[in-house]
Every structure is written in C-alpha cells, then in structure tokens.
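One structure below.
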Amino acid sequence: MFLKSGIRSKLPRVGTTIFTRMSKLAEDHQAINLAQGFPEFDCSPDLQKLVDKYVRLGKNQYAPMAGVMVLREAIAEKVFASTSHQYHPETEITITSGATEALFVAISTIIHAGDEVIVFEPTYDSYVPAIELNGGIPVFVTLDPQYESIDWGAVCSRITPQTRAIMVNTPHNPTGNVWKLNDLQQLAHLAEKYDLLVISDEVYEHIVFDGQPHISTASIPSLAARTFLCGSFGKTFHTTGWKLGYCLAPSALTTEFRKIHQYVVFSVVTPLQFAVAEYLAEPAHYLSLSSFYERKRNMFLDAINDTGFAMRPTEGSFFQNASYSNLSDENDRVLAERLTKEVGVASIPVSSFYNEITDFKTLRFCFAKNDETLLRAADALHKIVW
Ligand code: PMP
Ligand code: GLN
C-alpha cells in the first residue's frame, strides 16, 4: 500500500496503540485512567536521592554500550539469588531502554525473513510488529482471556520446520496469569526437541500473588541456555518513565544482541543505571512489591464485587480482567469507550490484545493506583447502565 508521500508502510495494519488512545480519551473526558498500565504513585524518595547523587557526581556522559558494570553485577547477583543461574556481567547482561528495546532487539537478533515465531494471544502489543518488521511470521496460539492453563498439545501442533522462536510472558499482560512449573517444563521440552529459541518477557516478576512464586526461565538450565530474558525496572520501582530494562542471554546470543543494541540506542541513561545498581543492594525494595499490589488487587475486587462483572482474582501483574458476557452483548471496544465517557472510568478492551478483532467481552483494569482512586473508580463502575 502506498501512502500519499510515496512511503510504503512497513506496518500497514498498525495505528496508534490502544494504550495511547485510551489515555487520551480518559484525559479528554477527565475519566479515571485504569487503562494504560502505569503506577499513579511515585518511586521511593531514597531512589530519587540516588539519582540526584549520581547526577551531581557527574555520571552524565555515555554509559558503556552494554550498561554500567555495577548495574550488570547487581543484576547478576539478584538473579543468581532467586534462580541459581549465574549470568556473566561482562558477556551475558545488557542494559536496555526498557524491556521494549530488549524485546525488539532480541527479536531482531534471531528472526530472519520467513521465520515463524509462536506467540500466545492475548499478547502484549509490541511483539508482533517487531516480528513482522524483521520479516518473521507470528503464529498464534489463541487463548481465552479467562484461560486457566495452556494446552501444550495445541502449542506443539503449531510448530513447523520454520519455527525459530517462542515468545513467553509470565506474569502475563493482560490476563495476569502466572506460569506454573509444569508450563516451564513443557516449554523446555519443546524448545529442546525442536531447537527453538525463547524470548521471555518477565517484567512483572515481582508482582505475583497468593504465595505463588514467579518461576523464571533462568531457573531451568536448559531454558536459560536458549533464552533472551527481558526485564524492566519500570514496574518494580514505579519508574515506567525511566525506560530502564535489561536482557540476559548466553554469551553467543548476547554478542549478536549487542551488535544491534549498539546501533539502536548505543547505551542508556547513565545516572539512572548507577542509582538503580545501588538501590538493588536492598532486596526488600523489590521483595515487598507483591504484598503491596496484592492488597490493592483485593481492595479493588471487593469494591467492584457486586457490579456484576465476572472476575477471577488476577495471579500476577497489576491488571485485573473483568468479563461482562453475562450482562451485555456490547462489543468490548464500544463499551470501554462508553464507560470512559459516561461513568468516567477508562479501561482497555481485551480484544485489543488479539490479532484478529475478537470480542471476548472482557475489560482490563489497571489497579496500580492510589486507594482513593480505586475506590472512586469502583463507585463509578456501580453506575453502569447495561
Ligand atoms: N512487556 C510487558 C508485558 C509490558 O506490560 C510492558 C509495559 N507495560 C513492557 C513489556 C514494556 O516495558 P518497558 O516499559 O520497560 O519498556
Ligand atoms: N505496558 C503498558 C500496558 O500494558 C503500556 C505501555 C505503553 O503504553 N506502551 O498498559
């Protein structure tokens, strides 16, 4: 397809993301924004002081291409403590501009024209464009937003000789589902059997509820050996605007990853890297996050319990899905827009996370908000006219 300017779009099906659109609609209608996923609260004053300290210490020029060494060392230590897998800071850890860059570069590193990539949907919105820009072909394993477990037989049936990689996201955006040990074992089995690479998005690793663990791909040696593990400090430290993330991968994969990373951003914000490195020294700074969000999840669930939405308490992330299939036939995009305008609460229609326009009559609410905001939103949601 040719645009007026004569540029042939590389992403003809893509428009502005649903997150941007719903945030704009919320702003236009002064609605409470439970749509785009970002915390309403600020990061810790201690972390802010560390940024100030390193800016004043003159850590304001380019960081090394792979990231400042103290941060890479701090990540290696942290990941070793939780998974017993030792990533080498020199050759296996790269600091990136958020998980978004880590994911994009990991995909670009391994996907050649015609390669197939297994993608579970609903899926986070950045994966498919990154695959397609590299000439890859996303092959979808479609799950209902209320799915309880993955049908590994169905995954297996989608694998062909062209399958190069599989995308993983646990805890999952938008469903909040957390992979169990069996899922990771099945993944490891298939990846080995068919010689697949894995790109694992674990940005919500520290937001897991009801005593369930987050099981990282790093904790399974055969997986760690073929995985690009993408993480972010945005969710963990309430700093989504810093766009500070990382990619952990065996050295042979990291070498190729860095060849692309160096030409996408070269390196990322220096003082923030020093600040986060120092802040990571205290594990309580991230280990307290699950209980912090579990209380908010429970409060939000209690507050909207009698609205008629059907909800399974989310297992992880800061998203709660709510189905209204028993209340109305309205399309989820139409409903999300109507609720923003009429009752003043913005959400994300879950159909946006599917390749084909599908309507599962489910909305995603972000509960990374102040208690008072959540209670006001719950009050408003009681006013829905179905
Ligand atoms: N993956 C998932 C599943 C996400 O929800 C997000 C952002 N919300 C990202 C990746 C991107 O992370 P970052 O902001 O660090 O780029
Ligand atoms: N990851 C956030 C969400 O799921 C949004 C990030 C973005 O706006 N790109 O809501």
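Coordinate-derived values only; no laboratory data. Just so it is clear, the structure is predicted and the values come from calculations on it, not from any experiment. Cβ atoms come from the backbone with ideal geometry, glycine included; neighbour counts cover every protein chain shown.
Remarks
- Order by protection proxy (mean Cβ within 10 Å, highest first), peptides 320-326, 200-206: 200-206, 320-326
- Across the options V68, L223, P39, the greatest Cα extent toward the positive end of the charge dipole of the chain (unit charges at beta carbon of Lys, Arg, Asp, Glu) belongs to V68.
- Note on the range 269-345 and the range 120-165: Cα centroid distance 24 Å, given to the nearest whole angstrom.
- Exposure proxy ranking for I7, I159, based on other Cβ atoms within 10 angstrom of each Cβ and starting from the fewest, stands as I7, I159.
- The orientation-averaged projection of the convex hull spanning the C-alpha atoms of the range 175-323 amounts to 10.9 square nanometres.
- Centre-to-centre separation between the Cα atoms of the range 56-115 and those of the range 193-248: 12 Å.
- Only helices enter the 222 nm calculation for the chain: every DSSP H run of n ≥ 4 contributes -39,500 (n - 2.57), and dividing by all residues gives -11500 deg cm²/dmol, rounded to 500.
- Relative contact order computed over the chain (Cα-Cα under 8 Å; 6+ residues apart), in percent: 25
- Within a Gaussian network of the chain (alpha carbon springs, distance under 10 Å), most fluctuating of R226, R333, R295: R295
- Using Cβ point charges alone (K and R +1, D and E -1), the dipole size of the range 61-283 about the Cα centre works out to roughly 360 debye.
- Cα-only Debye scattering, the range 61-283: base-10 log of I(q)/I(0) at q = 0.14, 0.15 Å⁻¹: -0.82, -0.95
- Top of T373, T362, T217 by mean-square fluctuation, Gaussian network on the chain, Cα under 10 Å: T373
- Local electrostatic count, P89, Cβ distance below 12 Å [Lys/Arg +1, Asp/Glu -1]: -2
- Listed residues V51, P145, G6: farthest to the positive end of the dipole of the chain (Cβ charges): G6
- Loop-located trypsin sites (Lys or Arg not before Pro) in the range 1-70 (DSSP state other than H, G, I, E, B) with a sparse environment of at most 13 neighbouring Cβ atoms within 10 Å: K4, K10, R13.
- Loop-located GluC sites (Glu not before Pro) in the range 35-96 whose Cβ has at most 14 other Cβ within 10 Å (DSSP): E90
- Relative contact order (percent, whole number), the range 61-283, Cα cutoff 8 Å, 6+ residue spacing: 30
- Dipole magnitude of the chain about its Cα centre (Cβ charges: Lys, Arg +1; Asp, Glu -1), debye to nearest 20: 940
- Across the range 1-148, C-alpha contacts under 8 Å between residues 6 or more apart give a mean separation that, scaled by the residue count, equals a relative contact order of 16 percent.
- Cα-Cα separations in the chain greater than 29 Å, expressed as whole percent: 43
- Considering only G211, H112, F19, the residue lying farthest towards the positive end of the dipole of the chain is H112, judged by Cα position with unit charges set on Cβ.
- Pairs exceeding 27 Å between alpha-carbon atoms, taken from K24/K53; K53/K235; K24/K180; K296/K341; K243/K296; K59/K296: K24/K53; K24/K180; K59/K296.
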